[in-house]
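**Q** Just dropping this structure here.
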């Protein structure tokens with residue numbers, strides 16, 4: 001008996017945000033191929049959505065699209081949201097920041113390929129700024145070098161999202177781990193701690209043994225890999 | 001005595017999402033120039049954020065970035081969120097859909113300019129699909145041709161967002177009003193009803209008398225205008 005079905009490609013990129021959460025809370029779920037729904041049924045499901053990921057919630061027979069909305073939905077269901085107004089809002093804001101980084105690091109989902117100059121510029125300025133935004137947010141709200149969480153002393157959906165972003169990215173492209181440790185050392189530590197949580201670790205070990213260092217796939221991953229040489 | 005300061009350029013584009021909400025609930029606020037914070041102070045404010053809009057909440061002395069997070073924060077403060085889990089999640093999902101349309105209609109914020117072929121393709125397929133997503137969502141949850149709201153029989157933040165998207169877009173580019181009436185006639189009616197609400201109407205009348213049909217500004221607005229000829 002399943003709780004959820006997640007429709008996404010067999011890629012870590014955006015899917016891991018939801019899979020890490022489902023693993024953390026021990027939900028019973030199945031990852032289904034994005035192509036089972038997309039694109040043919042995207043406008044006919046209950047609550048149509050433009051693109052994967054789609055989460056099907058078995059108990060309500062309802063589909064949800066938009067990764068940040070899916071994560072916030074799950075966070076409410078499983079009580080993974082900060083209680084205070086400020087940190088509650090920052091949980092969503094942090095997920096949206098993660099989503100923007102996904103878009104930017106893939107050059108708007110591969111709209112154009114990276115070249116040396118544009119990548120160097122992005123890596124040294126914009127990507128560094130993003131890392132600092134997370135680091136400063138964490139520092140203000142309870143994150144320390146070897147303990148704490150992004151938005152307080154309890155794990156929240158924001159920790160899952162930040163780990164799905166930077167843990168996945170630095171596993172796929174280890175050279176970027178140096179950038180993270182430079183610009184966001186506490187976030188780097190947080191990602192390691194979250195990736196070590198029992199059910200998340202078991203999931204990642206299995207995923208990484210199957211997919212290796214695959215990230216987002218396609219030409220844009222190839223373009224990113226060329227930049228790392 | 002102010003409740004909020006909104007830092008954004010004097011443009012309807014993304015700012016109207018927040019301004020329409022603040023007008024609807026009668027909050028005391030001031031729009032400040034984006035340049036007062038951005039880019040110099042974006043990493044040093046309490047809760048740093050990459051780009052405008054920024055909302056400063058006077059009572060908590062806190063800044064929030066990311067339009068969907070700002071809107072959801074305000075919606076909680078002013079009780080403009082659906083109560084049921086499904087429609088609560090759809091409120092955020094709809095705001096995120098709006099945000100994606102802003103990105104797509106500006107060709108990823110002007111990353112490249114529109115040409116006739118790509119615009120024609122976008123308008124007839126992707127933009128039409130977006131309109132249908134909103135229409136189908138509304139139809140399922142309470143929207144009718146001349147009454148109701150996107151997610152039920154009470155106004156919610158989703159109605160403000162959809163109006164800030166399509167009301168603003170079709171005022172700036174009236175020819176797109178035909179597309180909206182074709183693909184999403186009930187949404188077109190909803191936008192008109194929301195734009196007629198007293199405080200929103202007063203705000204829009206004033207904004208439009210000052211800014212005319214300005215939308216997002218810059219080269220990408222010029223490119224969009226060329227496509228409408």
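The values are calculated or read from the model by the stated rules, or taken from the named source; none is laboratory data. Quick caveat, the model's predicted, so the values are computed rather than measured. Here the Cβ positions follow ideal geometry from the backbone for every residue, glycine too, while neighbour counts run over all protein chains shown.
**Q** Please find, within the range B:52-80, the residue that is surrounded by the most Cβ atoms within 10 Å (Cβ to Cβ) out of those that are over 16 Å from the mean Cα position of the chain (by Cα) and facing chain A (nearest Cβ under 9 Å).
**A** Applying the filter and picking the extreme gives B:64.
**Q** Which of (1) at pLDDT 95 or above; (2) farther than 20 Å from residue B:9 by Cα is the odd one out, the single condition residue B:142 does not satisfy?
**A** (1)
**Q** So, one more: Which of the following residues is within 14 Å of another protein chain (Cβ to nearest Cβ) and at negative phi: A:147, A:118, A:156, A:124?
**A** Matching residue, one of A:147, A:118, A:156, A:124: A:118.
**Q** Mind listing just one residue for me: the one in the range A:131-140 that is at the interface with chain B (Cβ under 9 Å from one of its Cβ atoms) and surrounded by fewer than 22 Cβ atoms within 10 Å (Cβ to Cβ) and, of those, farthest from residue B:38 (Cα to Cα)?
**A** Top of the filtered list is A:140.
**Q** Ok, one more. Looking only at the range A:5-21, which residues are free of Cβ contacts under 8 Å to residues at least 60 places away in the same chain and surrounded by fewer than 20 Cβ atoms within 10 Å (Cβ to Cβ)?
**A** The one that is free of Cβ contacts under 8 Å to residues at least 60 places away in the same chain and surrounded by fewer than 20 Cβ atoms within 10 Å (Cβ to Cβ): A:5.
Per-residue answers, yes or no, for (1) within 17 Å of residue A:106 (Cβ to Cβ); (2) outside the structural domain of residue A:112 (by TED's automatic domain parsing); (3) free of Cβ contacts under 8 Å to residues at least 40 places away in the same chain; (4) crowded, with 19+ Cβ neighbours inside 10 Å:
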{"residue": "A:162", "(1), (2), (3), (4)": "no, no, no, yes"}
{"residue": "A:196", "(1), (2), (3), (4)": "no, no, yes, no"}
{"residue": "A:203", "(1), (2), (3), (4)": "no, no, no, no"}
{"residue": "A:216", "(1), (2), (3), (4)": "yes, no, no, yes"}
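**Q** Follow-up. Among the candidates B:107, B:47, which residue alone is within 11 Å of another protein chain (Cβ to nearest Cβ), within 20 Å of residue B:180 (Cα to Cα) and buried (at least 16 other Cβ atoms within 10 Å of the Cβ)?
**A** Every option except B:107 fails the conditions.
**Q** State all residues of the range B:81-95 that are crowded, with 21+ Cβ neighbours inside 10 Å and in contact with a strand residue (DSSP E or B) (Cβ under 9 Å, 6 or more places away or on another chain); if no residue qualifies, say none.
**A** B:82, B:87, B:89, B:90, B:93
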